[in-house]
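The structure appears below as structure tokens.
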Amino acid sequence: MAKKDTDKWWKGSGLWVMIVAAVVLEAISCIQYFTNRAAIKYEAEQRAMTELRKAELEIEMHTIEMETAAKALALLAEKHLDKPDSIFAATRLAVSAIRANTSMAVAFVPDYYPKCGKYFEACSSRITEDSIYTRQIGSAEHDYTQMEWFQNGLVIDSCWWCEPYLDDSGSQAYVVSCSYPVHNAKGEVVAVVCVDLALDYLQKVSEYLQVYPNSYYSIRSSKGLDIVPVPDTISGRKYNIYHEEIDATGWHIEIIIPEEIIFAGINRIGRLVGLLMIIGLALLAFILSHIAKTTRELVDSNSKNQRMEEELHIARAIQSAMLPKVFPPFSDRLDLNVYGMVDPAKEVGGDLYDFYVRHDKLFFCIGDVSGKGVPASLVMAMTRSLFRSITAHEENAAKIVSGMNKALSDQNTQNMFLTLFLGVLDCTTGELNYCNAGHNAPVLNNAFLSVLANLPLGIESDFVYQAQTTQMAFDDMLFLYTDGLTEAENADHAQYGEQRMLQTLAAITDSRPREVIDRVQASVETFVNGAEQSDDLTMLVVRYQRPAIVMRNDIQQIPTLAEWIEGLNIPVELNMPVNLALEEIVTNVMLYAYPGKSGQVLVEFVRNSAGSLIFTVSDSGIAFDPTQQAEADITLSAEERPIGGLGIHLVRQLMDEIRYCREEDKNVLTLIKHI
């Protein structure tokens, strides 16, 4: 285009292009502004609700713990109603089982123990981490019979939470109390258990609720009492309020966020965008003045290349998003550890792996699609979708693979196929049900797993696939891979091979799945020594492991036992009795098994096929069989009762079976709780 024609175009159409561009940019900016504003408001709501739920769970965790403690204390009190001295021991034992600073009391109906006076309220309070204060606090001055928690505890046959109040006789702090009735042998309510939950931990909750700087929060009781009041600084400002109710106590938690804080960022960006629009229009005028000098072929070529590159990047991002990428994947399970990786040879590839847990069964697979690039990636995406949909209602490996094969074969217009290994691991028994469809045999504990020669998927829709079964023991490791590992080539076209792979696996001492894959990948990179990758490389490691904890014979390590129990994913109502029983056994081992020397205590957990919880406590200390201890005579008073025996008595009450044996110079005590 000549200069004269360019000037003519600029004077005619160029001005209109500028006007249209300005209008379009303004419209786009307005749309983006209000769209982003709505998105930011939605994000603020989601963040606020997420933080509220976290705070709710924090508070409910305390309330559930208190309710469980109240029921446990009531149970102990009912067994010792004939001995008031035993009530003190029961409250002290209950307080010692809870890590938080709290008070627990058992308040009896007036004149229940005539010798103890009209009012009898046995109370124990944790003063410090290692100090518990036990006393009788009932008196005419402290008439607990007039208190809300006592009166409701007499008539409500369940845990009941009162409004917050100042406990001037127990914990000396603002508390909310949980009450629970105590019955005698005739079923009559003779006392009320009171467990105090101090409100000072709400300051900790406020840390969870700082969604934005300068945001506020408040907590109100079920009757509208301000536990944490709304600050006066929000008066006259426009703000958003988000709230959540705590079921156990009926409290309402609110997060209050002024709008100027929520939209501060987008307002700054809006001003910046306005300035950039002016600059952009100026630049557009400059670009339009030179647009006639560019050629159509160059524009088309650049547009086509850019579009193709962007589409490939998007395709890779989508493909990567389909694969599990959060590791370790099961934070609530101690019996599984899984890790996987995919390294495609091109922007997109045909390798895949996937896994998830349903009904205590781990479903996992690894596959390799024939071919490379976009067609293989599409088959990979379809395979992953079929795996998820079919395993949602089927647990037999052969039936799952057969269903996937039929669906892929019916839609296989490109004559592509894929090899696949699919497994279903029963986490309660260790049984592995698997089906191999023409894939490389996995390695189980440094030896190839026996697999049948089934056809790859997508070849014959009516092929009958056969499943196999093997038993995995605790600490077994299953290593799965695609042929991109064994067929990786160096510059001399030599392949990595199965033998080198087995040697590498045998030399790895760290059995954590991620470390195993990292070591194998490093070995491959060293072997190829920079040679171009010719095939997708995929690896998946499944480790089936026994939940266990090892502690020194140091009483300071007892809190770690409770943390370990919380992570076992057992029914929440069993946390307290299991914790009490194990803490009693482990404490005795720490104090007496290794006199004058250091040692270790091993606690292991397993859930059998019937659902029973089995805990094994072992040590190599002095031989001692606690099951041979005579039953404690709890009918005796505290002065008449001999020292010792109450601990194993408590364990017998909390657990269903207790077994002892001496194996290989070790004490092995097995505790069983049936569900």
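Annotation: per residue accessible area for the range 330-475 equals 40 Å², rounded to a whole number [probe 1.4 Å, protein chains only].
The accessible surface of the range 546-606, taken with every protein chain in place and a 1.4 Å probe, is 51 percent carbon and sulfur. Probing with 1.4 Å while keeping every protein chain in the model, the per residue accessible area of the range 519-631 equals 47 Å².
Count Lys and Arg as plus one, Asp and Glu as minus one, and take only other residues whose Cβ is under 12 Å from that of Ala90; the net charge is then +1.
Largest first, how would Met322, Met277, Met551 line up by accessible area (1.4 Å probe)?
The most accessible residue leads, giving Met322, Met277, Met551.
When only Cα pairs under 8 Å and 6 or more residues apart are kept, what is the percent relative contact order across the range 330-470?
Working: 253 pairs, mean separation 31.7, N = 141.
Over the range 330-470, the number comes to 22 percent.
Carbon and sulfur together cover what percent of the accessible area of the range 50-106 at a 1.4 Å probe radius? Within the range 50-106, the accessible surface is 57 percent carbon and sulfur.
Computed over every Cα-Cα pair of the range 353-432 and binned at 5 Å starting from 0, the pair-distance distribution P(r) comes out as 3, 15, 28, 23, 15, 9, 5, 2, 0 percent.
The values are calculated or read from the model by the stated rules, or taken from the named source; none is laboratory data. None of the values given here were measured: they were computed from a predicted structure. Cβ: placed from backbone, ideal geometry, glycine included. Neighbour counts: every protein chain shown. Note: areas computed on protein heavy atoms with side chains; ligands, DNA, RNA excluded. Shrake-Rupley method; radii C 1.70, N 1.55, O 1.52, S 1.80 Å.
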